[in-house]
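In what follows, a structure is listed as structure tokens, so that the remarks can point back to it.
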Amino acid sequence: MASSGFSPAAPPVFNGEGFHIWVVKMRTYLQAFDLWEVVNTDAEPAPLRANPTVAQMRQHADEKTKRHKAMSCIQNCVSDVIFTRIMACETPKQAWDKLKEEFQGTERTRQQQLLNLRRDFENLKIKEEETVKQYSDRIMVVVNSIRLLGEQFSEARIVEKVLSTLPERYEAKISSLEDSRDLATISLTELINAIYAQEQRRASRMEEHQEGAFQAKAKATSSTSAYKGKKSWKNRPKPDAARGEDRLCRFCKRPGHQEARCWFRPDAVCQHCKKKGHVERVCKEKGRPGKNQPQHKNEEARVAEDSSDHEEQVFAVSCSAGQKKSTKGWLLDSGCTNHMSPDETIFKTLDRSCKTRVKIGNGQLIKAEGKGDVQICTATGGKIIKDVLLVPEIDRNLLSISQLLEKGYSVVFKGQECQITNPNGSCLMTVTMSDKCFEVNWSSDSHSTHVASTDDTKLWHQRLGHANFKSMAQMVSKEMVENFTKTVQSEDVCEVCQMGKQARLPFPTNTTWRATSKLELVHSDVCGPMRTESLSGNRYFILFIDDCTRYCWIYFLKHKSEVAQVFIKFKAAVETETGCKIKTIRSDNGTEYTSAQFQSLCKDAGIKHQLTNVYTPQQNGVSERKNRSLMDMARCLLFEKNLPKTMWAEAVNTAVYIQNRLPTKALAHKTPFEAWFGFKPSLAHMKVFGCLCYSQVPAVKRDKLSKRAVPGILTGYSMVKKGYRILDPLTNKIQVSRDVVFDEKACWNWERNEPEAIPEELVTDQFEADQNDPEMDVDDEPVRGTRTLADVYERAHVAQEEPCCFEEAEAHQGWKQAMDDEIAMIEKNKTWELVPRSTNRKVIGVKWVYRAKQNADGSLNKLKARLVVKGFS
């Protein structure tokens, strides 16, 4: 045991963090009490000899109690959460090994940690504002972490790291050390102290580290201009001139230049004021106002170009406390490293403990008295600007471009405007240059700051079938389409989107193989039957999706048996268009794809047919997800203008047309249209689906006194003609026309069977070619008649109400028979067996699920009951 005169400090407590440091402290603590050998070896004390002495018996007893003392030390040196993990260990070695296994990991884990730390060590570089001692501290943190993992790390390697990463301002000192010392044997402490002494001497002359606000420097005056590139520390040049650059000039008392080139040398003659002692570049008489002009007691930061005879005001920041400050607008500044404001009253939070200095363009230092968040009032509500310095000596608010870029914003200067885009890709604002400055006035309604129009964004959101705002912003930022809005402002919640597209949160997906050429892989799926027939009597639609470009084609079917004939038409069209052959088609196990006719068609054409596994629709995920996306958009299109369900085919067809022109995650900076055709699509002709429109009646179909236009409903865009598909709601016929006037805010009143217009400016749109033809390209057979009221009532009587509980189902003979069939099937398959109820366990309940299965025509097929287990106890 330890001597009675030794009293160590309180033992270190391990709470789950810093295990490597705790191990070192704990090992020393156990060694102080002579307990480490027990933990490390777990050796049993030797048995007593025959006829032991009293001293031997006492020593044997002490050795046996050491295990319990060591166990007590380990248990008391961990938190309660960690103690529960070792409470089952019987010996101190088991507890020690248990902690090492859980918090230090295996040898493979240790090697991986060492690899990451070595990589961090190699990537370390000194920061611009960092002192050499701070840099060495960062290096030692990584080195000590490596050493704690049991890796040897020599001091010579650390010295070499410091020397090879120091910037050029330490060249003179390193050259001096090379002359006086052997850098291969110098210790890290000696090196750091020598360089730190130089830093202190420089700081006494140049003042302490500052934060640059306006780093305005004249050309060819950089103190590092003598060095064209960084060289190895072992081969650095040692010219006398390089050492001389670090000396103070005896004329201006500043380093970084030779005395013969000093602007303030006594023999210099100014060409502006003809006085000696300075050059024209730093003449104080230049730009000074005349005698008849008011004199301002302020000092402005100015910079002059070498080739000009006059000064340009670059940074309009005054350092006078007496001048009236302007704190309404914010100047965009590319030379400012931090947002700054002189007005303390606009700060929402302010930390006055954050003190720093700011250097302006003329070299003067001013104080920053705090840092915090500023609240501004905009037209859309209050906003917060974070990390703003309080600098009372400036007279304008400054918005740092570099800080905006660090926050993920993008700033683009083009012409006379500056466009700021937020991290989501939406345009935040466009600032117009005024008086050679870009000033942001948050509360102003002038044209200098254009906030994105919510109404314009909402209109395009409707035109594009309620596409998500992120995709619209991407289309603007990447310039993926033409004739589109210039800004997109995201809307919090769109009611139509929630009704038509709300779904569960996504599950994580795995990256799968992608085709690299057109028609290398085509996905296909059939969706239907729909309970409501389309205008042409169709109940199904089939999709074909090219995996490489994600371009989609859609065909409408009355029966599934038409799939083979449709595939022949699709195959001939795309192969003729591209000159490529379909190599593989992927579909599910539907009978329309597994039929002998379809299989023979693929075999004769040499097409590989891939099928999914049974009950595994995820393997055909591209088609399944596209079906869902199209139906989501189709529902939104129908809900937006309250259109009847009979127009589902027109809505789905328009959804395909729109989504081929929207960005997708599967393509980078392209739309499926551009990937397939090779050029960007134009959206100039896009209008809101289902809106009220007026199409011109051809002259051959009217007389001089007849109406020149008839109202209709926009139902899509023709794929074979350059015109709009217009539905006449009175005759249920569709025609393609180019001469159309749209009222995108209005819709058709289906109850009154008349237009329901909202007073709004009409939009006229014309296609280039005149096409007035009843021919339609997709759902092309108009309805020839309507159903009778008796037929409607007959269909309504077929509807079967599904019971919501067992009591309701038991009262109906049909549902009761369905439940009996389910019980009989369970007993036949021996799904479960009856056992006595357990008294000490929770029993999971069961429930009945009832479904009325219907045929394609809406008639009742069968009543189905299932007994399922609840997902909770």
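The values are calculated or read from the model by the stated rules, or taken from the named source; none is laboratory data. Not measured: the values here are computed from a predicted model. Please note: Cβ atoms are built from the backbone with ideal geometry, for glycine as well, and neighbour counts cover all protein chains shown.
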Qualifying residue in the range 643-656 (condition: more than 17 Å from Thr715 (Cα to Cα) and in a helix (DSSP H, G or I)): no
Identity of the residue in the range 261-304, at pLDDT below 75 and outside any loop (DSSP other than H, G, I, E, B), that ends up farthest from the chain's Cα centre (by Cα): Arg281
The range 601-633, subset within 24 Å of Lys501 (Cα to Cα) and among the β-branched types (Val, Ile, Thr), residue surrounded by the most Cβ atoms within 10 Å (Cβ to Cβ): Val622
Count of the range 731-756 residues which are assigned to a loop (DSSP other than H, G, I, E, B) and more than 20 Å from Leu638 (Cβ to Cβ): 2
Residue within the range 95-108 that is polar (S, T, N, Q) and modelled with pLDDT of 80 or more present: no
Any hit, the range 73-96, residues being assigned to a helix (DSSP H, G or I), under 25 Å from Asn144 (Cβ atoms) and of a type in the set (A, V, I, L, M): yes
Near pairs, Cβ below 7 angstrom, 6+ apart or cross-chain, from the range 188-204 (crowded, with 16+ Cβ neighbours inside 10 Å) to any residue that is modelled with pLDDT under 80: Ala194/Lys173; Ala194/Leu177; Ile195/Tyr170; Ile195/Lys173; Gln198/Lys173
Qualifying residue in the range 696-708 (condition: of a type outside the set (A, V, I, L, M), surrounded by 16 or more Cβ atoms within 10 Å (Cβ to Cβ) and either in contact (Cβ under 8 Å) with a residue 40 or more places away in the chain or farther than 20 Å from Lys501 by Cβ (or both)): yes
Members of the range 584-609 that are aliphatic (A, V, I, L, M) and either on the phi > 0 side of the Ramachandran plot or more than 45 Å from the chain's Cα centre (by Cα) (or both): Ala596, Leu601
Search result, residues across the range 398-431 that are more than 30 Å from Glu344 (Cβ to Cβ), part of a strand (DSSP E or B) and modelled with pLDDT of 80 or more: Ser410, Val412, Phe413, Lys414, Glu417, Gln419, Thr421, Thr430
Selected residue [in contact with a Phe, Trp or Tyr (Cβ under 9 Å, 6 or more places away or on another chain), touching a residue at least 12 places away in the same chain (Cβ under 8 Å) and farther than 28 Å from Met433 by Cβ] from Gly372, Gly361: Gly372
Qualifying position, being surrounded by 14 or more Cβ atoms within 10 Å (Cβ to Cβ), among the aromatic types (Phe, Trp, Tyr) and closer than 17 Å to Val24 by Cα, among Phe121, Phe103: Phe103
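May I ask you to verify whether Glu17 is modelled with pLDDT of 75 or more, out of contact with any Leu (no Cβ under 6 Å at 6 or more places or on another chain) and outside any helix (DSSP H, G or I)? Give the derivation first.
On the way: modelled with pLDDT of 75 or more: yes; out of contact with any Leu (no Cβ under 6 Å at 6 or more places or on another chain): yes; outside any helix (DSSP H, G or I): yes.
Yes.
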